[in-house]
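The values are calculated or read from the model by the stated rules, or taken from the named source; none is laboratory data. All figures in this text were calculated on a predicted structure; none of them were measured in a lab. As a convention, Cβ positions derive from the backbone with ideal geometry for all residues, glycine included, and neighbour counts pool all protein chains shown. Heavy atoms of the whole protein, side chains included, go into the accessibility calculation; ligands, DNA and RNA do not. Shrake-Rupley method; radii C 1.70, N 1.55, O 1.52, S 1.80 Å.
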Amino acid sequence: MRELVREHRTDPAQLVQPLFVVENPGQAGPIASMPGIERYTVESAVREARTLDALGLGSVLLFGIPKTKDARGSKNFDPDGVVQQTAREIKSALPHMIVIADLCNCEYTDHGHCGILNERGDVDNDATVEILARTALTYARAGVDVVAPSDMMDGRVGAIREALDGEDFEEIAIMAYSAKYASAFYGPFREAAGSTPQFGDRRTYQMDPSNVREALREMTLDVQEGADILMVKPALAYLDVVRAARDRFDLPIAVYNVSGEYSMIKAAALNGWIDEERAVHEMLVSFARAGANIVITYFAKEYAARSR
Ligand code: PBG
């Protein structure tokens with residue numbers, strides 16, 4: 001009877017598994033702060049994509065970790081960069097799998113900021129937007145289905161859309177990290193991706209956790225600039241923002257269940273303090289209740305395996 005009258009369900013088809021891919025095979029392997037998650041080489045990422053496909057998952061979100069970093073993040077727009085290579089190989093092995101590429105500079109710059117810096121050491125918004133558009137084209141040429149700008153620069157969605165359309169990539173979608181908060185919950189990710197800022201923080205471009213109306217304004221701008229999917233990130237502490245977004249916009253809404261949210265549950269479960277399976281189910285269904293259509297989560301693989 002409970003099943004019959006159940007209001008919300010989590011379907012593995014709406015889950016997205018993030019994958020970290022390293023250019024330097026020596027950096028592959030487990031991530032200490034995220035038990036159960038690892039960094040893959042291009043080859044092992046393709047193997048992992050096959051496993052995810054067999055479990056009924058339909059999409060992956062790629063993060064690249066280059067061998068070398070510089071002030072401009074040049075490896076990001078290298079046609080043979082690690083994300084470009086991985087996308088090409090996954091799409092040729094599994095053409096039906098949706099490959100989403102995170103689009104940001106923080107894994108590629110030696111200073112670890114999401115943008116390039118001007119002489120004063122501040123993030124240069126417009127120069128960064130140019131690099132993002134250029135990188136998006138190399139992702140599109142590599143076969144990526146969706147680009148997901150996570151940098152929070154102003155005007156990047158419009159610039160990326162224009163660049164893609166200019167090369168007849170009209171069908172490539174943009175999933176905009178529209179409401180991305182300056183959050184403590186990204187801690188484990190920065191260890192995984194080696195993207196901790198070397199000085200300062202991300203508060204000049206990521207949002208203040210206290211603001212909801214500002215999130216809606218960011219989303220409105222992204223809609224006007226041509227976003228196809230709007231994202232709220234992190235997830236757990238921002239479910240009111242997800243609900244507000246769902247009520248205001250007709251586009252698909254994604255939530256990013258971030259690294260810190262994953263590691264909190266894993267750490268408690270490994271200590272025997274929490275029932276992981278029930279906690280994960282409860283958390284994922286809360287995203288559906290709040291109105292999310294797409295859930296990016298490090299639990300996708302385990303959840304899909306249990307759902308079979
Ligand atoms: C890149 C990016 C970050 C995350 C996704 N894209 C890190 C950050 O902004 O510091 C975080 C993902 C996670 O914590 O799981 N800008």
Checklist line | Those residues of the range 92-102 which are open to solvent by 40 Å² or more (accessible area, probe 1.4 Å) and not in a loop (DSSP other than H, G, I, E, B), in sequence order | finding: S92, I98
Note to self: I need a count of the residues in the range 65-87 that are surrounded by fewer than 19 Cβ atoms within 10 Å (Cβ to Cβ) and not small (G, A, S).
What the structure shows: 7
Next item on the list: Mind listing just one residue for me: the one in the range 105-120 that is without any contact (Cβ under 8 Å) to a residue 60 or more places away in the chain and in a loop (DSSP other than H, G, I, E, B) and, of those, nearest to S44 (Cα to Cα)?
Entry: Y108
Notebook entry, point to check: Exactly one of (1) open to solvent by 10 Å² or more (accessible area, probe 1.4 Å); (2) within 16 Å of the ligand (Cβ to nearest atom); (3) within 17 Å of L137 (Cα to Cα) is unmet by N105. Its number?
Noted result: (1)
Notebook entry, point to check: Any idea which of A87, A54 is within 17 Å of the chain's Cα centre (by Cα) and of a type in the set (G, A, S)?
Noted result: A87
Note to self: Looking only at the range 153-182, count every residue that is surrounded by 19 or more Cβ atoms within 10 Å (Cβ to Cβ) and either free of Cβ contacts under 8 Å to residues at least 24 places away in the same chain or within 16 Å of the ligand (Cβ to nearest atom) (or both) and tell me the total.
What the structure shows: 12
Check: Which ones in the range 7-46 are open to solvent by less than 20 Å² (accessible area, probe 1.4 Å), under 14 Å from G194 (Cβ atoms), out of contact with any helix residue (DSSP H, G or I) (no Cβ under 6 Å at 6 or more places or on another chain) and in contact (Cβ under 8 Å) with a residue 12 or more places away in the chain?
Finding: V22
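Hey, among V258, V223, V285, which residue is open to solvent by less than 20 Å² (accessible area, probe 1.4 Å), out of contact with any Asp or Glu (no Cβ under 7 Å at 6 or more places or on another chain), touching a residue at least 12 places away in the same chain (Cβ under 8 Å) and not hydroxyl-bearing (S, T, Y)? Don't jump to the end; show me each part of the working.
Numbers: V223 fails: open to solvent by less than 20 Å² (accessible area, probe 1.4 Å); V285 fails: open to solvent by less than 20 Å² (accessible area, probe 1.4 Å).
None of the other options fit; the residue is V258.
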